[in-house]
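To start, the structure itself, in structure tokens.
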Amino acid sequence: MLIFTNNLNKTPKILVTGAAGFIGSHTMVELQQAGYQVIGLDNFENSSIHVADQISSITGTPITIENIDIRNKKALIAFVQQHKDIHAVIHFAAYKAVGESVQFPTKYYENNVGGTANLLDAMAVNDINSIVFSSSCTVYGEANPPVDETTPVQIATSPYGNTKQICEELLRDQNRANGLNVISLRYFNPVGAHDSALIGELPLGIPNNLVPFITQTAIGKRKQLTVFGNDYPTPDGTCIRDYIHVVDLAKAHLKALEYQLAGKNQLGFDVFNLGTGKGSSVLEVVAAFEKVSGQHLNMVFGPRRAGDVVQVYAACDKANKALGWKTERNLENCMQTAWAWEQALAKMENK
Ligand code: NAD
Ligand code: UD1
């Protein structure tokens, strides 16, 4: 049950960009289940048009996700104007492949930065003064964990990382210029899938990220997992990351939204880390997967991957205290739901 502390006399209407994507779809579910009015947009470049139906199946409430590209400023402004009384925006739409961003930087700046600038203009035209933005722990580079929000932002090691930093600067400037309320959420490693196995991550082509690579190997789409380096200065020699369940992450967006709509974002622009506070090595992730799936994973050790930091995990005290949010799921649940999703996908593909 949603309790409005924001003095709005009606249910807040929230625009979600990238609503059909991995994190966007899970957030759409949480928003609907909490009683918000939700409007989604996506250009379906990295997602399926069927996601809206899957979300509706989970929540029991019909929903549409409009095909809008945020690079098309005219269409975006018209879309926002058409949906009057939007109270806030949650902005997920972006490209996210680090390697591809190195190869095609302009594509990344155009979409991630240009698209965000268009969105801010569309918001300004329509007097929408609240946004929650998807940022990344990549802004901290190689830092001593646990990493809190006072950790300095480092020079980005990829165009993708740089787009996140530039967007944060753009949002800060927009706050200074017109008082836009901004919360930037710096995600650590989002993994897992919805308990229903109706929505999850849909990597295009060969996955870059560890968890989809593991589940695709187990289902037989990939021959074996290559562990990138086992000579790191960590207890088992493999890199350490902070894997956060996508449903926990989605719920944090609701908390951030509530906080902002309740006028608690006194700074106007603020950042929060979202992780579990616990680091897990690549081998621990593989072990958790094998335990919950009962599968033995084909795995080899390979060389280190360029650009990987040795270990990173979050200090999330700020989000815990200010937003009243904490994670509820552990690594095994992440792997169990990711595996259920991979199996459900295989069934859908074989139909
Ligand atoms: P995703 O690719 O699954 O979702 C992004 C969605 O945005 C996709 O459905 C895509 O089709 C859409 N999109 C892309 N460009 C668009 C455009 N021009 N117009 C309209 N829609 C567009 O990615 P995700 O994992 O859900 O990530 C969501 C956000 O979180 C992104 O901004 C990403 O950079 C950020 N993030 C993700 C991770 C992660 O590991 N998944 C980590 C840190 C930050
Ligand atoms: C990567 C990106 C990061 C981005 C995040 C979410 C890099 C250097 N970093 O983070 O900017 O925000 O994805 O999209 O690309 N691993 C293997 N074998 C694999 C795949 C991964 O051993 O086949 C290891 C990696 O070396 C790493 C860990 O698994 O130690 C996690 O990798 P990944 O899922 O790609 O996430 P990050 O590298 O943390």
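The values are calculated or read from the model by the stated rules, or taken from the named source; none is laboratory data. Fair warning: this is a prediction, and the values are worked out from it, not measured in the lab. Glycine gets a Cβ as well: all are built from the backbone with ideal geometry, and neighbour counts include every protein chain shown. Heads up: the accessible areas ignore ligands, DNA and RNA and are worked out on the full protein's heavy atoms, side chains in. Shrake-Rupley method; radii C 1.70, N 1.55, O 1.52, S 1.80 Å.
Scanning the stretch 76-97 for residues that are assigned to a helix (DSSP H, G or I) and free of Cβ contacts under 8 Å to residues at least 60 places away in the same chain, which turns out most open to solvent (accessible area, probe 1.4 Å)?
Once the filter is applied, the top-ranked residue is Q82.
Looking at the stretch 317-332, which of its residues are in a helix (DSSP H, G or I) and either open to solvent by less than 40 Å² (accessible area, probe 1.4 Å) or of a type in the set (V, I, T) (or both)?
Once the filter is applied, which keeps residues that are in a helix (DSSP H, G or I) and either open to solvent by less than 40 Å² (accessible area, probe 1.4 Å) or of a type in the set (V, I, T) (or both), the stretch 317-332 yields A319, L323, L331.
Out of the stretch 76-116, which residues are within 12 Å of ligand 1 (Cβ to nearest atom) and among the aliphatic types (A, V, I, L, M)?
L76, I90, A93, A94, A97, V98, V113
Scan the stretch 15-49 for residues that are in a strand (DSSP E or B) and either within 16 Å of ligand 2 (Cβ to nearest atom) or open to solvent by 10 Å² or more (accessible area, probe 1.4 Å) (or both) and jot them down.
Within the stretch 15-49, Q37, V38, I39, D42 qualify.
I need the full set of residues from the stretch 185-202 which are within 14 Å of G24 (Cα to Cα), within 13 Å of ligand 2 (Cβ to nearest atom) and of a type outside the set (V, I, T), in order please.
The answer is L185, Y187, P190, G192, E201.
Scanning the stretch 128-155 for residues that are assigned to a strand (DSSP E or B) and among the polar types (S, T, N, Q), which turns out farthest from ligand 1 (Cβ to nearest atom)?
It comes out as S130.
Any chance the stretch 260-278 includes a residue that's of a type in the set (D, E) and open to solvent by 10 Å² or more (accessible area, probe 1.4 Å)?
Yes, there is a match, as at least one residue in the stretch 260-278 is of a type in the set (D, E) and open to solvent by 10 Å² or more (accessible area, probe 1.4 Å).
Among the candidates E168, E110, single out the residue that is among the charged types (D, E, K, R) and open to solvent by less than 30 Å² (accessible area, probe 1.4 Å).
Unique residue meeting the criteria: E168.
Of all residues in the stretch 187-227 being at positive phi and more than 15 Å from the chain's Cα centre (by Cα), which is least open to solvent (accessible area, probe 1.4 Å)?
Only one residue fits best here, namely A197.
Return the residues of the stretch 164-177 that are farther than 19 Å from L257 by Cα and either away from ligand 1 (no atom under 15 Å from the Cβ) or in contact with a Leu (Cβ under 6 Å, 6 or more places away or on another chain) (or both); say none if nothing qualifies.
E169, D173, R176, A177
Take the stretch 301-313 and flag every residue that is open to solvent by less than 50 Å² (accessible area, probe 1.4 Å) and away from ligand 1 (no atom under 16 Å from the Cβ).
G302, V310 - these are the residues of the stretch 301-313 that are open to solvent by less than 50 Å² (accessible area, probe 1.4 Å) and away from ligand 1 (no atom under 16 Å from the Cβ).
Go through the stretch 315-326 and give me each residue that's touching a residue at least 12 places away in the same chain (Cβ under 8 Å) and either touching a Lys or Arg at 6+ places or on another chain (Cβ under 9 Å) or more than 19 Å from V191 (Cα to Cα) (or both).
Within the stretch 315-326, C316, D317, K318, A319, A322, L323, G324, W325 qualify.
This table checks each residue for (1) under 25 Å from A20 (Cα atoms); (2) of a type in the set (D, E, K, R).
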{"site": "N162", "(1), (2)": "yes, no"}
{"site": "Q165", "(1), (2)": "yes, no"}
{"site": "R176", "(1), (2)": "no, yes"}
{"site": "G179", "(1), (2)": "no, no"}
{"site": "V182", "(1), (2)": "yes, no"}
{"site": "R186", "(1), (2)": "yes, yes"}
{"site": "P190", "(1), (2)": "yes, no"}
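Would you confirm whether any residue within the stretch 179-186 is of a type outside the set (V, I, T), modelled with pLDDT of 95 or more and on the phi > 0 side of the Ramachandran plot?
yes
Regarding A287, is this residue closer than 30 Å to A218 by Cα and at pLDDT 95 or above?
It is true that A287 is closer than 30 Å to A218 by Cα and at pLDDT 95 or above.
Give the residues of the stretch 19-54 that are among the hydrophobic types (A, V, I, L, M, F, W, C), within 12 Å of ligand 1 (Cβ to nearest atom) and over 16 Å from P203 (Cβ atoms), sorted by residue number.
Across the stretch 19-54, the qualifying residues are A19, M28, L41, I49, A52.
Would you check if there is a residue in the stretch 80-96 being charged (D, E, K, R), within 16 Å of ligand 2 (Cβ to nearest atom), touching a helix residue (DSSP H, G or I) at 6+ places or on another chain (Cβ under 8 Å) and within 20 Å of S134 (Cβ to Cβ)?
Scanning the stretch 80-96 turns up at least one residue that is charged (D, E, K, R), within 16 Å of ligand 2 (Cβ to nearest atom), touching a helix residue (DSSP H, G or I) at 6+ places or on another chain (Cβ under 8 Å) and within 20 Å of S134 (Cβ to Cβ).
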